[in-house]
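Notes for the one structure printed next.
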Amino acid sequence: MDADRPGEPDVASLFAPVAVEETFDGVLIEARQVLGDLDDPVDAELWGSDLIGALASSAVSQASLMNTLTGSLVPAAEAASTPASLALLRVFAAVGSPALRAAAGQAAARLRDQDVADPPWADVIGAPRIGDCWHYADVGGRQESLTMSFAYGDKQHAISVLLDHGRGGRIRDTWVTKGSRLRDDTEREAGRDPLVVFEMIGAADARLRLERAISAGECAEQPDQVDDVVAHRALLRARFDLLAAQG
């Protein structure tokens, strides 16, 4: 889920490969075991993004997976009517496709109206404040790291993508980092290498760069890069949509 949380279970090993419709009991158990202990909404989003990535291995496509989650797991979670199922719906409403977000959000509202207990991050998940954005690249322009920072209250996090311009600007790696000094630390490290160029960019510029990268596709090769790209795919797209909504 996150490099800072090495003790958590490997979601991919729990749910792949198996038909998505057959996983609900396991998903709900996992949600009860994990989400109830989280107080940071980005950790819940990371868990959900990892879950969606794991389930994608059994789906025909990302679109078909989102349709199945919308049509099968959302109704099943609402029918379960437990705090764990409500937390799961809140996560889907944050990192799913637009249709999944809408369906999960509506189902979650109905459960809350039935006095099912919401997680502590229910009112904020999926809507962090957009912060600074930056990128750095080698002077030859072969690879570029693009970072967009966000915050829930005073807790900051950033999502970064490594773009391979030798492969048409495709996404080679994706990762999430927490902390308030990430920009300063990155700029300082980049400044030590004369072959690296660091630049602050606006959120609109970052959105355009990310849009081009998502359209270009993925080119992860190393096993850890493949795992990272798959696990963070849903969260990356949710953050892209957040940037796009800001214009």
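What the table shows:
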{"read-out": "Candidates Val226, Val42, Val161: whichever shows maximal mean-square fluctuation once the chain is modelled as a Gaussian network with Cα springs under 10 Å", "value": "Val226"}
{"read-out": "Unit Cα scatterers, Debye sum, segment 43-102: log10 I(q)/I(0) for q = 0.15, 0.19, 0.30 Å⁻¹", "value": "-0.39, -0.63, -1.38"}
{"read-out": "Trypsin sites (Lys or Arg not before Pro) within segment 116-190, DSSP loop, no more than 10 other Cβ atoms inside 10 Å", "value": "Arg181"}
{"read-out": "Between 0 and 90°, nearest 10: helix 223-245 axis offset from the chain longest Cα axis", "value": "90 degrees"}
{"read-out": "Protein accessible area in segment 87-185, 1.4 Å probe - carbon and sulfur %", "value": "47 percent"}
{"read-out": "Kirkwood hydrodynamic radius of segment 138-229, from inverse mean 1/r over distinct Cα pairs, in Å", "value": "14.0 Å"}
{"read-out": "Inter-probe distance in nm under a simple model that places probes 7 Å from Cα toward Cβ, at Asp184 and Ser72", "value": "4.9 nm"}
{"read-out": "Spin-label proximity, Asp227 to segment 43-83 - amide N less than 17 Å from point 7 Å beyond Cα toward beta carbon", "value": "46-57"}
{"read-out": "Taking all pairs of distinct alpha-carbon atoms in segment 63-188, Kirkwood radius in angstrom", "value": "16.8 Å"}
{"read-out": "Per principal axis, descending, Cα span of segment 15-127 in whole Å", "value": "36, 25, 23"}
{"read-out": "Rounded tilt (10° steps) of 98-113 against the dominant C-alpha axis of the chain", "value": "50 degrees"}
{"read-out": "Kirkwood hydrodynamic radius over Cα pairs of the chain, then Stokes diffusion coefficient at 4 °C and 1.567 mPa s, in µm²/s", "value": "70 µm²/s"}
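The values are calculated or read from the model by the stated rules, or taken from the named source; none is laboratory data. Because the structure is predicted, anything quoted here is derived from the model rather than measured. Note that each Cβ is placed from the backbone with ideal geometry, even for glycine, and that neighbours are counted across all protein chains shown. Note: accessible area is taken over every heavy atom of the protein model, side chains too, but ligands, DNA and RNA are not part of it. Shrake-Rupley method; radii C 1.70, N 1.55, O 1.52, S 1.80 Å.
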